[in-house]
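S.K.: Have a look at the structure that comes next, please.
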Amino acid sequence: MAPTKPTVAVTRKIPEAGLVMVREATETRLWEEELPPSPEQLAALLRGCDGALTLLTDDITGDVLDREPQLKVVSNFAVGYDNVDVPAATARGVAVCNTPDVLTETTADFAWALLMAAARRVVEGVDYVRAGKWKTWGPTLLLGRDLTGATLGIVGFGRIGREVAKRARGFDMRVLAYDTYQDPEVARSLGVTYRPLDELLREADFVTLHVALTPETQQLIGARELKLMKREAILVNAARGPVVDTDALTDALRDGTIGGAALDVTDPEPLPADHPLVFLPNAVVVPHMASATVATRDRMAETAARNLLAVLRGEQPPHIVNPEVLERANG
Ligand code: GLV
């Protein structure tokens, strides 16, 4: 008799590149809807599963894990894993995996797309043309901010933050970085100077956020921090929505405390369609798409599948967040 395949839940349709790998090796329960499963639907989907391939929209709490004591692995299709209660998973011996590295450059590229869109008022320009307002070339029409020679402040100087810094060289920018962990050698090689957060916020013309969401970074940028920023400064968030206090940011954009914002992520997410941030001319809001290229999403799917299958086979997965779980299991 052929050995029975493990049962796994895949909580949304991921690119085929990863899905075929999972389907070949497991009994796969795929959530085929466009919207994520509700908590009740997620519980039903996970029932009796050995593994789960999850998205950042799935809340994997201690309660969810308690209901499925046979679950061995939660493989998140994202580099961020703030949707998973990692201490709870570790305590229950569940491996948590993520997809770093494969999306680093793509995400850094998109932070620049957002920064430039806000600095040069690209979205306002598109709206202007679509509204039929374009009658002539205007000497003072839609004036933006120069990047060349400006100061860029990178908050969170990990993999993605460093790629953002590399790209700033092409604009001859002065680059400052804030991080609780500092690597002077990396900073020197990229021509970046570390600064305490408040100093960075005071000095930067553009501030871009690349921290993971943790209790320490929750609302890292609130009313106080926004007031420290220059009146013309632009804030980019391609990290996680709750790193910024949404109400404080909305007020700061309305009253001119800062010049503009470009947001890949929001809190709440999705942002309600009638939220003021959607309509403010100095805000650019897009639907959490910084890693959204064909090649990168394929690589993320493959990595998430590899992580999932490796744990189920008792092998070392390419990327595990809580390696102590496997070390414990392997004695
Ligand atoms: C996307 O936001 C990710 O964490 O991969």
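The values are calculated or read from the model by the stated rules, or taken from the named source; none is laboratory data. Bear in mind the structure is a predicted one, so any value in this text is a computation, not a measurement. Cβ placement follows ideal geometry from the backbone for every residue including glycine, while neighbour counts extend to all protein chains displayed. Please note that ligands, DNA and RNA were not included when accessible areas were found on the heavy atoms of the full protein model with its side chains. Shrake-Rupley method; radii C 1.70, N 1.55, O 1.52, S 1.80 Å.
S.K.: Please give the length that would be gained between Glu324 and Arg254 if that part of the chain were fully extended, namely 0.36 nm times their separation in residues minus their C-alpha to C-alpha distance (nm, one decimal).
M.R.: Full extension from Glu324 to Arg254 adds 20.5 nm.
S.K.: Can you give the translational diffusion coefficient of the range 104-285 in µm²/s, computed by Stokes-Einstein from the Kirkwood radius over Cα pairs at 20 °C and 1.002 mPa s?
M.R.: 129 µm²/s
S.K.: Report the paramagnetic label zone for Thr193: residues of the range 139-159 whose backbone N is under 18 Å from a point 7 Å from Cα along the Cα-to-Cβ axis.
M.R.: Counting only backbone N, you get 148-157.
S.K.: How big is the charge dipole of the chain about its Cα centre, in debye rounded to the nearest 20, if each Lys and Arg gets +1 on its Cβ and each Asp and Glu gets -1 on its Cβ?
M.R.: Computed charge dipole of the chain: roughly 860 debye.
S.K.: Could you give the accessible area per residue of the chain, probe 1.4 Å, as a whole number in Å²?
M.R.: Result: 49 Å² per residue.
S.K.: Given a 1.4 angstrom probe, I'd like the percentage of the accessible area of the range 104-285 that is carbon and sulfur, rounded to a whole number.
M.R.: Answer for the range 104-285: carbon and sulfur cover 53 percent of the accessible area.
S.K.: So, with +1 on the Cβ of K and R and -1 on the Cβ of D and E, and no other charges, what is the size of the charge dipole of the range 104-285 about its Cα centre, to the nearest 20 debye?
M.R.: 660 debye
S.K.: Round to the nearest 10 and give me the degree value, 0 to 90, for the angle of helix 16-25's Cα axis relative to the longest principal axis of the chain.
M.R.: Helix 16-25 sits at roughly 10 degrees to that axis.
S.K.: Also: Sequence-distant or interchain residues sharing an amide H contact under 5 Å with Val285, placed H: which?
M.R.: Those qualifying (amide H under 5 Å, at least 5 residues apart or on another chain) are Leu263.
S.K.: Suppose each label sits 7 Å from its Cα in the direction of the beta carbon; what would the Lys133-Asp298 distance come out to in nanometres?
M.R.: Computed distance between label sites Lys133 and Asp298 equals 4.1 nm.
S.K.: Between Arg202 and Glu315, what's the calculated FRET efficiency when r is the beta-carbon distance and R0 is 56 Å? Round to 0.05.
M.R.: According to the calculation, E is roughly 0.70.
S.K.: Same structure, new question: Can you give me the angle between helix 104-119 and the longest principal axis of the chain, using Cα atoms only, in degrees from 0 to 90, rounded to the nearest 10?
M.R.: 30 degrees
S.K.: Also: Enumerate the calculated ³J(HN,Hα) couplings along the range 80-86 in order (Karplus 6.51 cos²θ - 1.76 cosθ + 1.60, θ = phi - 60°), each rounded to whole Hz, writing x wherever the residue is Gly or Pro.
M.R.: x, 9, 5, 7, 10, 7, 5
S.K.: Would you mind telling me which residue in Ala295, Ala43, Ala131 has the biggest mean-square fluctuation in a Gaussian network model of the chain, where springs connect alpha carbons within a distance under 10 angstrom?
M.R.: In the Gaussian network model the winner is Ala131.
S.K.: Right, here's the next one. Nearest 0.05, what FRET efficiency do Leu141 and Glu269 give at R0 = 35 Å with Cβ-Cβ as r?
M.R.: Once rounded, the FRET efficiency stands at 0.55.
S.K.: Here's a follow-up. Run the simple label-point estimate for Lys166 and Asp101 please: 7 Å along Cα→C-beta, distance reported in nm.
M.R.: Computed distance between label sites Lys166 and Asp101 equals 1.4 nm.
S.K.: The chain: longest stretch without exposed chymotrypsin sites (Phe, Trp or Tyr not before Pro) (DSSP loop, at most 10 other Cβ within 10 Å), sites themselves excluded?
M.R.: 182-331
S.K.: Which Rg and Dmax, in Å, describe the Cα atoms of the chain?
M.R.: 21.7, 78
S.K.: Right, something else. Return the sequence-ordered ³J(HN,Hα) values of the range 145-155 in whole Hz as given by the Karplus equation 6.51 cos²θ - 1.76 cosθ + 1.60 applied to θ = phi - 60°, using x for Gly and Pro.
M.R.: 10, 6, 8, 4, x, 7, 9, 9, x, 9, 9
S.K.: Any idea which of Thr107, Leu220, Ala239 is furthest toward the positive side of the dipole for the range 104-285, if Lys and Arg beta-carbons carry +1 and Asp and Glu beta-carbons -1?
M.R.: Among Thr107, Leu220, Ala239, the one farthest towards the positive end of the dipole of the range 104-285 is Thr107.
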